[in-house]
Amino acid sequence: MKQIKIFPLINPIIKAIGIPGSKSYTNRALLMAALTKERVIIKNPLMSDDTCAMLSNLKLLGINIEVEDSAIIVNGSLEDIRKGKYSLNANLAATAIRFLLPLLCIVPGEKILTGNEGLNKRPIGELVNALRQLGAKIIYLKKEGYPPLKIISSQLKSKPLYMKGDISSQFFSAIFMIAPALGELEIHVEGKQISKPYIDMTIDTMKHFGIVVENNNYKTYRMPLKQAYHCKSYVVEGDFSSASYFFAIAVITKSTITLKNLNPDSLQADKKLLPILKRMGNMITWKENEITIAGKEITPVTINMIDFPDQAQTLAVLLSFAKGKSILTGLQSLHIKETDRLKATVNELAKMGIKTEATHDTLTIYGGNPKPAVIDTYGDQRTAMSFAIAGAKLSGMIINNPEVVNKTFPEFWDKLEQLGIKIERTN
């Protein structure tokens, strides 16, 4: 088993590093480019396991795509897809399997869509149910509600659609993006819409591609008639999910770190971590295309994270150093991520001597004096990166299977070294 041992910073640092493009925006742009008849240049894309899964499957369908330095050129579109039998594998990329499924319902042929073992354990039934409302013919090949799937339909109907809002925003985004191919579409949200910023991100990207989505307070969404994708180039902004680990390192080590290639006006959900850190007493400076955080202190907080659940682990590790009780709520979606992230966080914090209490959607952390530990990553990149934060402060933190970061942030360990945090790799 591979491991990385992290050696903490001896003194606070003043450093600047660049942040790669957003995975979420890259995969949205790739799908929209495949729905655009004209040639699209995607600039500053993230090249990671998840984005390569999307790219390779679009190419497998017959869409002409070229990869160059710092750009992806999508020359073809879904009109190039011919009738045939296709076998597609999204590996471990949830965005890829969820975004591809509606697309496969509107192209010819018999399509098999699957993922690696870990992805096939993640539910997709609500998205399948929604597509079936629109006339999709989708068959579960193994377990009901989970991949792998066989798709034999090649068109969908335009009709009112009803979807549960409290499972995954990606299901909504996936259908939004293929809506212009259907004509007018109205989606009704049943219950409360979670992860609203991710909905905003999809709507914003579609706007860049010339498509209007009417959002009625996250209760209904409407795509008007006679819209078509048009875009010549799209620039992927830097990823706040990737930046968050370095924000936390600045706080935990009382360092000053500047993160470049970040849009201060971004709609990304994980940007919501910054007001929390500021509320603790840390200094944040916004400039054009960069953000600087000067770490000062960590204090306990009570936060509802329903709109940005991917930051729960980062914040949980950070709060393990705060003296007192912190409460994170709105965490129900963590159970259906790459692993059960709520359970994983409880397990690994316990190794560090941190007491926690968890319910289905909350995590209470009694922080103050964490100890170094050997961290299991459960095949989940965010578990690896979140607990690596503690290694910047504690001597003796070891991360098992560190290569999982390749899923969304292949440069993560290199970026730590750029900050002056020494790491030691072992096989």
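The values are calculated or read from the model by the stated rules, or taken from the named source; none is laboratory data. Because the structure is a prediction, the values reported are computed rather than measured. For neighbour counting, all protein chains shown are included, and Cβ atoms are generated from backbone atoms with ideal geometry for every residue, glycine included.
Looking at segment 1-62, what strands (runs of 3 or more DSSP E) fall wholly within it and have at least 2 residues that are modelled with pLDDT of 95 or more and of a type in the set (D, E, K, R)? Full working, then the answer.
Numbers: elements: 3-7, 14-18, 40-43.
Qualifying strands (runs of 3 or more DSSP E): none found.
Given (1) surrounded by fewer than 20 Cβ atoms within 10 Å (Cβ to Cβ); (2) at pLDDT 95 or above; (3) within 22 Å of Lys407 (Cα to Cα), where does Ile336 come up short, assuming only one miss?
Unmet condition: (2).
Under 6 Å by Cβ, and 6 or more places apart or on different chains, what pairs join a residue from segment 244-265 that is in the same structural domain as Met280 (by TED's automatic domain parsing) and under 20 Å from Ser22 (Cα atoms) with one that is of a type in the set (Lys, Arg) and part of a strand (DSSP E or B)?
Short answer, once both residue conditions are applied: Ile257/Lys15.
(1) closer than 28 Å to Ser386 by Cα; (2) surrounded by 16 or more Cβ atoms within 10 Å (Cβ to Cβ): which one isn't true of Ala16, the others all being true?
(2) is the only condition that Ala16 fails.
Would you tally the residues in segment 361-393 being over 21 Å from the mean Cα position of the chain (by Cα) and in a loop (DSSP other than H, G, I, E, B)?
Count: 8.
If you check Met283 against the conditions, is it at pLDDT 95 or above and touching a strand residue (DSSP E or B) at 6+ places or on another chain (Cβ under 6 Å)? It would help to see each step written out before you state the result.
Working: at pLDDT 95 or above: yes; touching a strand residue (DSSP E or B) at 6+ places or on another chain (Cβ under 6 Å): yes.
Yes, satisfied.
Does Ala322 satisfy being over 17 Å from Gln381 (Cβ atoms) and free of Cβ contacts under 8 Å to residues at least 12 places away in the same chain? Write out each step before concluding.
Values: over 17 Å from Gln381 (Cβ atoms): yes; free of Cβ contacts under 8 Å to residues at least 12 places away in the same chain: no.
Answer is no for this residue.
Take Glu338 and tell me if it is under 23 Å from Leu363 (Cα atoms) and either under 20 Å from the mean Cα position of the chain (by Cα) or part of a helix (DSSP H, G or I) (or both).
On the way: under 23 Å from Leu363 (Cα atoms): yes; either under 20 Å from the mean Cα position of the chain (by Cα) or part of a helix (DSSP H, G or I) (or both): yes.
Yes, satisfied.
Take the conditions touching a strand residue (DSSP E or B) at 6+ places or on another chain (Cβ under 7 Å), in contact (Cβ under 8 Å) with a residue 40 or more places away in the chain and surrounded by fewer than 19 Cβ atoms within 10 Å (Cβ to Cβ) and apply them to Asn406. Does it pass? Outline the logic, then answer.
Numbers: touching a strand residue (DSSP E or B) at 6+ places or on another chain (Cβ under 7 Å): no; in contact (Cβ under 8 Å) with a residue 40 or more places away in the chain: yes; surrounded by fewer than 19 Cβ atoms within 10 Å (Cβ to Cβ): yes.
Criteria not met by Asn406.
Among the residues of segment 186-212 satisfying the criterion of being assigned to a strand (DSSP E or B) and in contact with a Gly (Cβ under 8 Å, 6 or more places away or on another chain), which is surrounded by the most Cβ atoms within 10 Å (Cβ to Cβ)?
Filtering segment 186-212 down to residues assigned to a strand (DSSP E or B) leaves 186-190.
Next, only the ones that are in contact with a Gly (Cβ under 8 Å, 6 or more places away or on another chain) stay: 189-190.
Working: Val189: 20, Glu190: 11.
Among residues in segment 186-212 that are assigned to a strand (DSSP E or B) and in contact with a Gly (Cβ under 8 Å, 6 or more places away or on another chain), the one surrounded by the most Cβ atoms within 10 Å (Cβ to Cβ) is Val189.
Do you know which of the residues in segment 342-360 that are under 12 Å from Lys371 (Cα atoms) and among the aliphatic types (A, V, I, L, M) is surrounded by the fewest Cβ atoms within 10 Å (Cβ to Cβ)?
Top of the filtered list is Ala350.
Which one is surrounded by the fewest Cβ atoms within 10 Å (Cβ to Cβ) among residues in segment 294-333 that are farther than 30 Å from Ile124 by Cβ and of a type in the set (Ser, Thr, Tyr)? Walk me through it before giving the result.
Going through segment 294-333, the residues farther than 30 Å from Ile124 by Cβ turn out to be 294-302, 318-327.
Retained after the next criterion (residues that are of a type in the set (Ser, Thr, Tyr)): 299, 302, 320, 326.
On the way: Thr299: 15, Thr302: 11, Ser320: 28, Ser326: 22.
It comes out as Thr302.
Mind listing whichever residues of segment 62-75 are surrounded by fewer than 23 Cβ atoms within 10 Å (Cβ to Cβ) and either under 15 Å from Tyr25 (Cα atoms) or in contact with a strand residue (DSSP E or B) (Cβ under 6 Å, 6 or more places away or on another chain) (or both)? Step through it out loud before you land on a result.
Keep residues of segment 62-75 that are surrounded by fewer than 23 Cβ atoms within 10 Å (Cβ to Cβ), which gives 62-71, 73, 75.
Result: Ile65, Glu66, Ser70, Ala71, Ile73.
In this structure, is Lys343 touching a strand residue (DSSP E or B) at 6+ places or on another chain (Cβ under 6 Å), of a type in the set (D, E, K, R) and not in a loop (DSSP other than H, G, I, E, B)?
Working: touching a strand residue (DSSP E or B) at 6+ places or on another chain (Cβ under 6 Å): no; of a type in the set (D, E, K, R): yes; not in a loop (DSSP other than H, G, I, E, B): yes.
Answer is no for this residue.
Of everything in segment 334-345, what is of a type in the set (S, T, N, Q) and over 15 Å from Lys121 (Cβ atoms)? Give them in sequence order.
Here is the first cut: in segment 334-345, the ones of a type in the set (S, T, N, Q) are 339, 345.
Answer for segment 334-345, where residues must be of a type in the set (S, T, N, Q) and over 15 Å from Lys121 (Cβ atoms): just Thr345.
Can you confirm whether Ala93 is under 26 Å from Ile138 (Cβ atoms) and either touching a residue at least 24 places away in the same chain (Cβ under 8 Å) or outside the structural domain of Ile175 (by TED's automatic domain parsing) (or both)? Show your work before the answer.
Working: under 26 Å from Ile138 (Cβ atoms): yes; either touching a residue at least 24 places away in the same chain (Cβ under 8 Å) or outside the structural domain of Ile175 (by TED's automatic domain parsing) (or both): yes.
Yes; evaluated as a whole, the condition is true for this residue.
Would you confirm whether or not segment 151-162 contains a residue that is surrounded by fewer than 14 Cβ atoms within 10 Å (Cβ to Cβ) and of a type in the set (S, T, N, Q)? Before the answer, list the steps.
Filtering segment 151-162 for residues surrounded by fewer than 14 Cβ atoms within 10 Å (Cβ to Cβ) gives 152, 155, 157, 159-160, 162.
Next cut, of a type in the set (S, T, N, Q) only: 155.
Within segment 151-162 (the criterion being surrounded by fewer than 14 Cβ atoms within 10 Å (Cβ to Cβ) and of a type in the set (S, T, N, Q)), the answer is yes, since at least one residue qualifies.
If you check Gly324, Gly368, Gly353, which single one turns out to be at pLDDT below 95, at positive phi and either not assigned by TED's automatic domain parsing to the domain that holds Ala248 or not polar (S, T, N, Q) (or both)? Full working, then the answer.
Numbers: Gly324 fails: at pLDDT below 95; Gly353 fails: at pLDDT below 95.
The conditions single out Gly368.
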